[in-house]
Each structure stands twice: as structure tokens, then as C-alpha cells.
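Beneath this line is the structure, given in C-alpha cells, with notes to follow.
The numbers here are math on the coordinates, done by the rules we state, and not lab data. None of these values were measured; they are calculated from a predicted model. No Cβ is skipped: glycine too gets one built from the backbone with ideal geometry, and neighbour counts run over all protein chains shown.
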Amino acid sequence: MAISTPAASAAAVEVSGVGRVFQAKGGSVTALHNIDLRIEPGELFGLLGPNGAGKSTLIKILSTLLLPSSGSASIFGLDVVGDTARVRRIMNLVAGGDFSGYGLLTAREQLAMFAQFYGMPYAEGMRRVDAQIEAFGITDIRDRKISALSTGQRQKLNFARSFLNEPWMLFLDEPTIGLDVSAARDVRERVRAFQAEQPGRTVLLTTHYMAEADEMCDRIAIVDHGRILAQGTPTELKRMVQKETLFIVGVDELPAAVSLGTLRELPGVISVVVRDADGADGNGVGSPVTRLAIALREDAALGGVISALAAAGAHLREISKSEPTLEEVFVQLVGRGISESDSEQAL
Amino acid sequence: MSAAGVSKDLHARIYAETEWSLSHKLRHAAQSVVGRAYPRIFGMSREPSWLFFDLVFPTLGMCSFVFLLRSRGADEAWISATILASALLTFWTSVIWMMAGQFRWERDSGNMTLYITAPVGLGSIALGMAVGGAVGMAFRAGIIILGGSLLFGAQYEIREPLLLALTMLLGIAAMNALGVCLAAVFLVSGREADHLGDLLNEPMQLLGGLFAPVRSLGIFGLLAIGILPLAPAADAMRQLALPQLAATGLLPVPVELGILAVMFVVFSLLSHASLAYIERRGRADGKLLTRAD
């Protein structure tokens, strides 16, 4: 059967009406309900949700490990069901808590083995193996047996493995689970560098670490009970729970020439309240600071407020933008915190 | 990198990368076989305790048969036959332990997920496992024959070394092809298959005619020689390496070679079908190929 070249406008990931039902002893369990998703080339897209939300099921479908019960999905225009072999040539996968490989092999031998599986010529494979060992800073363990490596070292090795075939589509399924802060930071930096090296490399990350999603992802979909509840950039999602922009402006003392009422009448200002009425110095400078919580219709309105304060003789001490966290977004959308959701799953 | 920065020809370029020529596919398959064989050939030699137990336990079993035969005043040719059978047994043990049970281990360790999502076929992985296992076992079998010959003075009269080598090669190939089929069965059947594998160990040695010729099993011997690669391989090798025992053979060597060749083809076809089946079923049910979380 002839396969036509995918359209030049194809997304990196296109998911259309994908559903997945598992047969269990007590009956069928629906893990995904008619998911629609589009990820553009070059994006780092996050699926955020508690355990059992359906994140891993979606990744398994996209990475050709699992067939969808309904709907269709493609990677760079290649159908994950019909073009399986081609999809596998341009993708790779890292799962958290993964202890794959053979304990008797050394780190370098293990990478070399996978390089053979990924189809590159031997010499090129070995060049990439050594380059990844260098890039991940694991030269000290290159000749150490896999069985003697720590969790962090093994996960770095897993990442190094996943970069060997220089995949256009990289699936990261809870990749930093069980890693310490330093190791997690290292692999996040490598993922960013990996994407920066070649425009178009796309990453789909599942996580239930809010900070990780916020820090890494261009866009995020919040998933629960097999449904996408919302998707957008982290800023867009936060805007869903806080429509206005909130700035905290700290001044030495509010001058008599300007009142809260005056500030509230400025263009673009929604409300102004004194948040820190006791004047405690949060900066440790030693002088009391009055903090004004100023809600604006848009960021640009801040200029007028600052000008008004400066004109009245106020000494500006601090300005910070107050944003809701993704945790707050999650709570609003799902109705409970992500850790509560995980506890429910554990029960 | 934002989507806006991505060049227009990106998709065409990516699609071109998925086009593999026949020579690329063949090179990749060969490299994958070597890649998977490597841990078996070199990795296993790094665990001295495995080497010790793999060599000492079969040798102890062999010794018990030899002492029994000597105590009964058996012909010395049967001592040599027992040592040869013990060497052959290492290959069969490899099929049961390192082929049949391997896919379940690969799944539970997470390797199967990486194999399935990589552009490598399960056939190349299975062939790599077989080649690696056979090379590793050839080393052990060689030591058993050498040690047995030194300990018990076993002697062989090999008049047709090429035919003997071909018998051994076909026997190992047919056993491993059967091993791939069993690997699929064990993966689908779960732990029960492991228990069955354990239980069948001794019956297989009996039906395989390792320590007594299948000729003595009557109709069961014929049945065994028709379905179990161990039986024609052991019977033919005994005839070829020990001409004084040729009369104990059930069928002429060329016929047994033909049976081994047919077995190899049939089990290879079945292996191909069973590997395709487990991948298809695994992707459909979501459990067979991935580690339980």
C-alpha cells in the first residue's frame, strides 16, 4: 500500500477523538474519553494530572505501545496504528522509575546496544554514545556495571539512551520521579538543550509535579479521569482562575498627596488595597514598607500607577507580579488538589 | 523553539528519515542481532557464580550417570555418550531458561517496552538472544566435554565431522526456534508456564533420549523424534560420534537431519507468527508487553 507524504501543515502530534477502554475483571474501565489534542512541532507540551488520569495511557498510544479503542492519532503526520514502523524510527521514550537494560553490562555497553537497535551505522552509533555520555556528565560511570548505578545515574543513562536516535518526538512519562533535586534539574536542562539543538524536536511530558510543568512546558493540558479539562500556556491557564493581573507594589510610605481612591481611578486599575498594613519589612532592609495589592486589567496599566506614586513622592521599594500557581488552577478545574487525587488513587 | 521557527520542509525531511532502504533494514536487523547477543556472550561471563553453577551442576548430574553406568559394568561407549548428552543438555537448558522464560523477564524489567517502541523487530531480538545463548552455551558444552573426557577418559571416533557439526547446528537452531515459540507461550500463560517448564524438565530429558536411546521408548521414541528437536539431535550425534553405538539409533542420520531441518523451518515460521501475535495482542490488551505499574 502506498503511503503518501504527510501534509506540510501536519502537527507534531494530532490526536482526534481518541478513546481507550480496558477490560478488567469487574467490567470495562474507560481510561480515555474522546481526547482531542494538537501539539505543534518544537513544542514542549505537558500533560498534567493525578495518577490514573489517563496521561500514561495517551503516551502509550502515541508511542505505539497501545492501540486506541476509538479515534486516531498521528506523529508528524504518521498514523500510530497504520504507520507504526515509521513512527518508531523518529521517536523515543523515557519512563520514570525505569530500570531497563542488563545489569551485567557497563553503561557504555548498554548505550551501544541500544544504538544498534535504533538503526544507525555502528561507528555513528558509538560516536553518539560517547557524545551523550559526555553531555550528561556521566563519564565517571561509563565503564561501571548498570547494576552498580544509583537511581539518578540510571535515569540519566535512560535519557542518554533516548537521545541516541536524535528523535523528533520524545515522550517523557514521569521522567523525574524518584530523582533528587539536582539530578532532576540536570535532566530538565538536557531536555531543553536537546530541543534547542534542532528546531522541530517535540517533547510530550507527563508529570504530576506542578513546578516541573510550569517551568518546562510551552503548553499544558490538565487531564483528569480520562478527559482534558483545559489546555493552554501556563499563563493562560493561570488566567482562568485569576482574570485580572495582580501586582504587589511596595513603597516606604504612602504619601499624603496620593490616596488609594486616586490610584483606583487611574486607567486600567480595578482595585487597590493595602496588603501589608503593619509595615513589616519583608526585604530585611530595616525600614517599614507599605505593600499595595493592585489589580489591573492588563500589565500596561502598571505604568500609570508607578508614575502617579512617583509624582506624589513615594519611594518605590519593590514590584512583583502575583500569579496563581498551577496547583490553584488544578484545584479549581478538578475540584481537589493533585496530591489528594493521588491519595484517592492509592485507596 | 516555537512552532513559528520551524522550517517549512520539516515534515518532508522527517518523512524522508523514515524511509529505510532494504540494505538499511538488513544492516539494522544484523546489528540488532549482534546488539542483543552481546550481553549473553560477554555479560554473563562477568558473573563468576553463574559460570560456576552452570558448569558444576550439569557436571555433577553427568557424574552420577557415569558412576551408575560404571557400577553396572556398561560399555565405555555409553560413558562417552553420557558426556555428549550432558553437553547437549546445556543447550536445551538454555532454551528453557534463557529463551522460553526470557520475554517475561524482559517485560517485567521494562526492556520489552523499549524494544517495542524502538524500530527493532522482536524477531531480531529473539535471534540475538538465541545466537548469544548458543555461543555462551557452546563454551560451556566444550568445557563439559573436555572435563568429562579428562575425568573419565571418554573417547569419540568422529568419521564425518562436517555432518556432526551440521547436526549440532541444526539441532541448536531448531531448539532455539522452538524456544522462541515457547517464549511467546510463556509470556501469554504467565507463571503457570514456568511451573510447567520445571515439571517437564525430566520428561524432556527422557523423551529427548539424552541418557538412554529413544529407540528404547518404542512408539513414544518415534513421537518424540517427530516433535522434540532434542531427540533427533541427540540420536544422530550419538551415531556420528560413537560408531559402536550406531545400532542404537532410531532412524538413519540423514533422515534425522531432514527432520531437524523441517523442525527448524516449521518452528521458525511458528516463531514469526507467535511474535507477531504477542505484539498485536500486547498492543490491544495493554498488559502483555508492559510492566505492571
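Could you size up the charge dipole of the stretch B:23-285 around its Cα centre, putting +1 on the beta carbon of Lys and Arg and -1 on that of Asp and Glu, and report it in debye to the nearest 20?
My answer is approximately 540 debye.
Report, in debye and to the nearest 20, how large the dipole of the protein assembly as shown comes out about its Cα centre when Lys and Arg carry +1 and Asp and Glu carry -1 on their Cβ.
I would put it at about 1620 debye.
For the stretch B:18-81 and the stretch B:121-172, what is the separation of their Cα centres, given in Å?
7
Modelled label-to-label distance, residue A:273 and residue B:191, 7 Å Cα→beta-carbon offset: nm?
6.0
Hey, quick one: spin label on residue A:142, modelled 7 Å out along Cα-Cβ, who in the stretch A:96-128 has an amide N within reach, i.e. under 13 Å?
A:107-112, A:126-128
Mind ranking A:31-42, A:303-314 by how tightly packed they are, going by the mean number of other C-beta atoms within 10 angstrom, highest first?
Peptide ranking by packing, descending: A:31-42, A:303-314.
Per-residue counts of other Cβ atoms within 10 Å, averaged by peptide: what ranking do you get for B:33-46, B:165-178, highest first?
Going by the mean number of other Cβ atoms within 10 Å, highest first, we get B:165-178, B:33-46.
Using the per-residue mean of other Cβ atoms lying within 10 Å as a proxy for protection, in what order, highest first, do the peptides B:199-206, A:239-246, B:182-189 fall?
Result, highest mean first: B:182-189, A:239-246, B:199-206.
Expressed as an acute angle from 0 to 90° and rounded to the nearest 10, what is the orientation of the C-alpha long axis of helix B:230-241 relative to the principal long axis of chain B?
Helix B:230-241 sits roughly 50 degrees off the main axis of chain B.
Per-residue HN-Hα couplings for the stretch B:170-182, Karplus 6.51 cos²θ - 1.76 cosθ + 1.60 at θ = phi - 60°, whole Hz, x for Gly and Pro?
Working through the residues one at a time gives 5, x, 5, 5, 5, 4, 6, 5, 4, x, 5, 4, 5 Hz.
Would you work out which of A:266, A:230, A:242 lies farthest towards the positive end of the dipole of the stretch A:186-305? Charges go on Cβ: Lys and Arg +1, Asp and Glu -1.
A:230
Take every residue in peptide B:43-51, count the Cβ atoms of other chains within 10 Å of its Cβ, and give the average of those counts.
For this peptide, the per-residue mean of nearby foreign Cβ atoms is 3.
Taking the Cα of residue A:242, stepping 7 Å toward and past its beta carbon, and measuring to each backbone N in the stretch A:304-329: which are under 16 Å?
A:319-329
Could you state the number of Å between the C-alpha centres of the stretch A:210-230 and the stretch B:229-293?
51
Within 10 Å of each Cβ in peptide B:17-27, how many partner chain Cβ atoms are there on average? Round it to a whole number, please.
3
Compare the Cα positions of A:314, B:175, B:65 along the charge dipole of the protein assembly as shown (+1 at Cβ of Lys, Arg; -1 at Cβ of Asp, Glu; about the Cα centre) and return the one farthest towards the positive end.
B:65
Using the crude model of +1 on Lys and Arg Cβ and -1 on Asp and Glu Cβ, and no other charge, please compute the dipole size for the stretch B:1-86 relative to its Cα centre, in debye to 20.
Charge dipole, the stretch B:1-86, about its Cα centre: 160 debye, nearest 20.
Would any residue of the stretch B:220-239 have its amide N under 17 Å from a label point 7 Å out along Cα→Cβ of residue B:169? List them or say none.
Those under the cut-off are B:233, B:237.
Counting only residues 5 or more places away or on other chains, whose amide H sits under 5 Å from the amide H of residue A:318 once H atoms are built in the peptide plane?
A:250
Hey, how many Å between the Cα centroid of the stretch A:80-114 and the Cα centroid of the stretch A:141-161?
Their Cα centres are 14 Å away from one another.
Given R₀ = 60 Å, FRET efficiency for residue B:70-residue B:9 by Cβ-Cβ distance, to 0.05?
Efficiency computed from Cβ-Cβ geometry: 0.15.
Using only atoms on other chains, find how many Cβ atoms lie within 10 Å of each Cβ of peptide B:282-291 and report the average.
For this peptide, the per-residue mean of nearby foreign Cβ atoms is 5.
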